[in-house]
Amino acid sequence: MKASVIAVANNKGGVAKTTTAVNVADMLARRLIGPDGKPTGHVLLVDLDPQGNVADALGVRPQVYDDDRNPTGPCVSFLLMGAKTLRESVISLDRKGDGLPRPNLFLVPSSRRLESIAEELIVREFQSMRNSRLEYPPLDDVLSVRFAPALDIFRYIIIDCPPKLDTLKKAVYRFAERVIVPTKPDFLSVEGAVQHTEDLEDLHERKEVKARVAYIVPSMVHPRQVMDQQMMVALMKAYGRNRIAAPVPQSVVVKESFGRGGRTLMEYAPESPATQAYQHLAERVYHDR
Ligand SMILES: Nc1ncnc2c1ncn2[C@@H]1O[C@H](COP(=O)(O)OP(=O)(O)OP(=O)(O)O)[C@@H](O)[C@H]1O
Ligand SMILES: [Mg+2]
């Protein structure tokens, strides 16, 4: 079975994209552990944000720095440029030694290097237009081409996107089938999520991309605040019930799980309402496939 590719995106910053990507990936990986404790499938997280937060959130440090403080560890930028293979770019997220077994969860990490390659990818696109012997994939297919081998290895590929996708926007949405859009429940964020979704639907209708918005995740919700309730109603009206995922309450455990040694919500607070909301989303992702 080929991997199901899911992007977590929203062009607003700080709306819980990374939190959502990390926890849904961890929950899907757990779902793929058989009754004998052995994995029946593997999950790959892809960090497309030069901030490299996914590794931090999971408590691993893939980056090493040279004398000029430039990151030289594994980075998605090397893979996109074709300088490293997929195998060379993937790291294990297993932390069995810390009591955090993650036997089937993997990451292609990111670093500041990703910032500088956008220009390079565009230059290459021009070069290959002029010289057909150059074998660079078209910019808009760079993810589909470079990650193609991963489709046969992993059951899920979850891409954590930066707030501004810019150059890689079409590349992500041509590779992914489903998009999860987390949004805060305030007026401007909901407006942003609506715009983001319409933009993507537009590209989809023009057959320029494969991806569709599958779930909108209200995050950091205060269930008892009237304003938040009104925003939930507005989201339901805009998208219908089906696409709105269970709201994730604002909860201190989310920040703590990250701060206390990079643990996932299932590892840190399996019973918390925020964890349950993400669990509900992960189940939908699993079954809607
Ligand atoms: N349900 C929640 N309750 C409390 N804090 C949360 C919740 N979800 C996310 N946060 C916190 O909000 C902050 C932003 O979350 P996160 O990094 O996941 O957002 P992001 O959309 O990936 O941000 P960026 O746009 O910078 O990549 C983090 O400090 C995170 O711990
Ligand atoms: Mg992020």
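Bear in mind these aren't lab numbers, they're just calculated from the coordinates by the rules spelled out. Quick caveat: nothing in here was measured; it's all calculated off a predicted structure. When we count neighbours, we look across all protein chains shown, and the Cβ atoms used for this are built from the backbone with ideal geometry, even at glycine.
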Gain on full stretching of the segment that runs from His287 to Glu125 - 0.36 nm per residue minus C-alpha separation = 54.5 nm
Of the beta bridges DSSP finds with both residues in the chain, what % are antiparallel, to the nearest 5?
-> 15 percent
Protection proxy ranking of 29-38, 75-84 - average other beta-carbon atoms within 10 Å, highest first = 75-84, 29-38
Percent relative contact order of the range 4-288, based on C-alpha pairs within less than 8 angstrom and at least six residues apart?
-> 26 percent
Residues Lys210, Lys2, sorted so that the one with the fewest Cβ neighbours within 10 Å comes first = Lys2, Lys210
Order these peptides, 90-102, 140-152, by their mean beta-carbon neighbour count within 10 angstrom, highest first.
-> 140-152, 90-102
Quick one: dipole size for the chain, taken about the Cα centre, charges +1 on Lys/Arg Cβ and -1 on Asp/Glu Cβ, in debye to the nearest 20.
-> 580 debye
From the residues Gln230, Tyr173, Pro35, which one has its Cα farthest along the dipole of the chain in the positive direction, the dipole being from +1 and -1 charges on Cβ of Lys/Arg and Asp/Glu about the Cα centre?
-> Pro35
What helix-only [θ] at 222 nm does the chain give? Using -39500 (n - 2.57) per DSSP H run of at least 4, over all residues, to the nearest 500, the answer is -12500 deg cm²/dmol
Taking 274-286, 229-241 and ranking on average Cβ neighbours within 10 Å, highest first, one gets 274-286, 229-241
Round to a whole angstrom and tell me the spacing of the C-alpha centers of the range 2-62 and the range 72-143.
-> 16 Å
In terms of the ratio Rg/(2.2 N^0.38 Å) built on C-alpha atoms, what value belongs to the range 1-150?
-> 1.13
Classify the range 40-96 as rounded, prolate or oblate from the Cα gyration tensor: take a ≥ b ≥ c as the square roots of its eigenvalues, call it rounded if a/c is under 1.5, otherwise prolate when a/b beats b/c and oblate if not.
-> oblate
Each label sits 7 Å from Cα toward the beta-carbon; between Gln51 and His222 the label points are separated, in nm, by 2.3 nm
Decide, for the chain, between rounded, prolate and oblate: order the square roots of the alpha carbon gyration tensor eigenvalues as a ≥ b ≥ c, take rounded if a/c falls under 1.5, and otherwise choose prolate if a/b is larger than b/c, else oblate.
-> oblate
Report, in order of residue number, the helices in the chain meeting two criteria: a C-alpha extent of 20 Å or more along the helix axis, and a mean Kyte-Doolittle hydropathy of at least -1.0; treat each whole DSSP H run as one helix.
-> 17-31, 113-130, 187-205, 226-243
